[in-house]
Amino acid sequence: MKSFLGKLIDICSLPFAVIWNAKVSSAFNALINRVYSRIIGYRLNGAKGLLICGRPVMITGAKHISVGDNVEICRLARIDAITYFPNTGQRFEPVLKLANNVVVQMSCHIGCINRVEIGEYTTMGARTYITDHTHGTVEPEDLKLPPRHRKLYSKGAVVIGKYVSIGEGCIILPGVTIGDHAVIGANAVVTKDIPPYAVAAGNPAKVIKQVME
């Protein structure tokens, strides 16, 4: 049998259970997301119209991140502008830019030690990974070290154009440029440049259709 305290808690909580219906819960979450968006926006140099769709969102190196107007970032996204890697003592001056109306879906990860630029109205599907660096190279002296003790290495910036559609689960690797209006199929691994108005898919990603020259 329940204790007196347990019964008292049940009685006291009953009104809240009645009041706290789906509409109230939805409105409360919307309010929290709005407040959270303001907090993250303030960290990102006052990004206008920033919408955080769910929590948490993980951001490092905010002062090196430029965010345009009306950007949407969904829960569990991770955006890293890495300025210091303690395992090797390396320091960096990263440049990470999200232009106006970019959408970063759930569980995306963007990692930058060099330069990552994403053009306006580009949408990243859930679980997209974009990086301009690797943990070390494939040289023997690097491979002899544990991965976390290898120096971070960038072979080039990642530049993604405007109006690009990136499917879920894509990986975009260092030194890649994706042209405007391109479409990247789900789970593609982009290792080379993709021209504008191209449809690319596969691992490694290849152009399967050129819509316009």
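Only one of the numbered conditions (1) assigned to a strand (DSSP E or B); (2) charged (D, E, K, R); (3) modelled with pLDDT under 95 is not met by ARG148, and that is (1). Taking (1) touching a Ser or Thr at 6+ places or on another chain (Cβ under 9 Å); (2) of a type outside the set (S, T, N, Q); (3) touching a residue at least 24 places away in the same chain (Cβ under 8 Å); (4) within 26 Å of LYS63 (Cα to Cα) in turn, GLY167 satisfies each apart from (4).
Determine, yes or no, whether ALA198 is within 12 Å of the chain's Cα centre (by Cα) and either farther than 29 Å from GLN90 by Cβ or among the polar types (S, T, N, Q) (or both).
Criteria not met by ALA198.
Counting only residues that are assigned to a strand (DSSP E or B) and among the polar types (S, T, N, Q), which one in the range 44-90 is farthest from ILE113 (Cα to Cα)?
Per the stated criteria, the residue is SER66.
Checked against the criterion of being touching a Phe, Trp or Tyr at 6+ places or on another chain (Cβ under 7 Å), buried (at least 16 other Cβ atoms within 10 Å of the Cβ), of a type in the set (S, T, N, Q) and on the phi < 0 side of the Ramachandran plot, the candidates THR137, THR122, THR128, THR177 yield just one match: THR122. Scanning the range 170-193 for residues that are over 13 Å from THR123 (Cβ atoms), in a strand (DSSP E or B) and not hydroxyl-bearing (Ser, Thr, Tyr) yields ILE171, ILE172, VAL189, VAL190.
Among the numbered conditions (1) buried (at least 23 other Cβ atoms within 10 Å of the Cβ); (2) among the hydrophobic types (A, V, I, L, M, F, W, C); (3) over 17 Å from ALA188 (Cβ atoms), the only one that ALA99 does not meet is (1).
What are the residues in the range 78-96 that are farther than 13 Å from HIS64 by Cα and in contact (Cβ under 8 Å) with a residue 60 or more places away in the chain, if any? Those that are farther than 13 Å from HIS64 by Cα and in contact (Cβ under 8 Å) with a residue 60 or more places away in the chain: PHE85, ASN87, THR88, GLN90.
The values are calculated or read from the model by the stated rules, or taken from the named source; none is laboratory data. On a predicted model such as this, the values are computed, not experimentally measured, just so you know. Here Cβ is always computed from backbone atoms with ideal geometry, including for glycine, and neighbour counts include all displayed protein chains.
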